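The values are calculated or read from the model by the stated rules, or taken from the named source; none is laboratory data. On a predicted model such as this, the values are computed, not experimentally measured, just so you know. Positions of Cβ are generated from backbone atoms using ideal geometry, with glycine treated the same way; all protein chains shown enter the neighbour counts. Protein only, heavy atoms only, side chains kept; ligands, DNA and RNA dropped before computing areas. Shrake-Rupley method; radii C 1.70, N 1.55, O 1.52, S 1.80 Å.
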Amino acid sequence: VSPNRLTKPREDREKAFNRLATIVKSLSAHAGFAIDPVGERLAICDEKGNIYKDNELLYIVSKLYLLLNKPANIAVPISASMGVNIMAREYGVDVIRTKDEHLAMIQAARKPDIAFVGGTRGGFIFSDFGFGCDAMFSTMKVLEMMAKSKRKLSEIASNIPKFSWLQKEIQCPWHAKGKVMRALIEYTESLPREIIDGVRVITSDAWILVLPDAEKPIFHLLAEGKDEKVTAELMYEYQELIKKCRK
């Protein structure tokens with residue numbers, strides 16, 4: 001614990017995760033949990049020593065929740081894997097997309113028809129308990145759901161859909177960001193899309209999110225598809241569009 005900073009460098013986190021995996025396996029434990037210094041975010045290790053973070057963890061916790069509950073809707077960020085949508089459809093549940101930020105997750109949790117909000121950075125909200133991400137409560141809730149469903153984490157993880165995932169950052173001067181966004185809106189006008197946070201364009205077998213950074217002169221590009229070729233082609237298409245429009 002460092003009183004002078006709220007986060008750890010990536011290398012320190014990875015070392016901590018590796019130690020956690022070793023401890024879980026050596027003790028033959030059912031799971032291990034790593035809570036960030038702020039107490040909001042969570043990483044989980046299964047009984048085999050596999051560490052689940054980000055979209056994998058979102059899928060696992062969402063699946064555990066839907067095994068035991070029948071909500072009308074769940075909410076996830078705009079950047080969440082389409083694997084969550086596929087899984088939710090199996091349970092007859094609609095997925096509401098939010099901005100990729102804690103405040104948007106809180107706002108979604110306050111809606112009466114949304115009882116669970118899952119994040120892509122290890123944050124989860126169970127609105128029966130509260131309206132913010134609480135990693136300690138999430139740890140207890142995951143243990144409870146594992147016990148009630150009699151499912152191991154590795155068993156649930158074995159069913160995670162496999163998709164190709166690409167992530168890039170494209171430099172863009174501040175003065176050109178508005179121009180690029182207008183071009184994106186026009187370019188995607190006739191396409192299936194979501195304009196919740198940036199522009200998320202959806203095709204039959206892939207999607208891409210183009211998101212302007214609020215603090216840096218860059219655009220974040222996240223693409224996911226059923227195979228590497230489709231994902232790479234979609235990433236290249238919008239990467240070149242940004243490069244062309246930023247001039």
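Some points to look at:
- Tally of residues being touching a residue at least 40 places away in the same chain (Cβ under 8 Å) and more than 21 Å from the chain's Cα centre (by Cα) across the stretch 177-222: 7
- Residue within the stretch 46-57 that is part of a loop (DSSP other than H, G, I, E, B), small (Gly, Ala, Ser) and farther than 17 Å from Ile125 by Cα present: yes
- Residues of the stretch 194-210 that turn out to be surrounded by fewer than 21 Cβ atoms within 10 Å (Cβ to Cβ) and in a loop (DSSP other than H, G, I, E, B), as a count: 6
- The single condition among (1) touching a helix residue (DSSP H, G or I) at 6+ places or on another chain (Cβ under 8 Å); (2) open to solvent by 80 Å² or more (accessible area, probe 1.4 Å); (3) at pLDDT 95 or above; (4) not hydroxyl-bearing (Ser, Thr, Tyr) that Glu224 does not satisfy is (2).
- Within the stretch 61-121, strands (runs of 3 or more DSSP E) holding 3 or more residues that are of a type outside the set (A, V, I, L, M): 94-98
- Residues of the stretch 98-122 that turn out to be open to solvent by 10 Å² or more (accessible area, probe 1.4 Å), under 17 Å from the mean Cα position of the chain (by Cα) and under 14 Å from Ser62 (Cα atoms), as a count: 2
- All positions within the stretch 213-242 that are farther than 10 Å from Ile170 by Cβ and part of a strand (DSSP E or B): Leu222, Ala223, Glu224, Gly225
- Test set (1) more than 18 Å from Thr231 (Cβ to Cβ); (2) touching a Gly at 6+ places or on another chain (Cβ under 9 Å); (3) of a type outside the set (Gly, Ala, Ser) - Val180 fails condition number: (2)
- Extreme residue, farthest from Ala108 (Cα to Cα), among residues of the stretch 47-95 that are exposed (fewer than 15 other Cβ atoms within 10 Å of the Cβ), without any contact (Cβ under 8 Å) to a residue 24 or more places away in the chain and not small (Gly, Ala, Ser): Glu90
- Entry remark, the stretch 173-214: residues being of a type in the set (Ser, Thr, Tyr) and under 20 Å from Met105 (Cα atoms) number 0 in total.
- Checking each residue in the stretch 152-193 for being out of contact with any Asp or Glu (no Cβ under 9 Å at 6 or more places or on another chain), open to solvent by 60 Å² or more (accessible area, probe 1.4 Å) and part of a loop (DSSP other than H, G, I, E, B) picks out Ser158, Asn159, Lys162, Glu189, Ser190, Leu191, Pro192.
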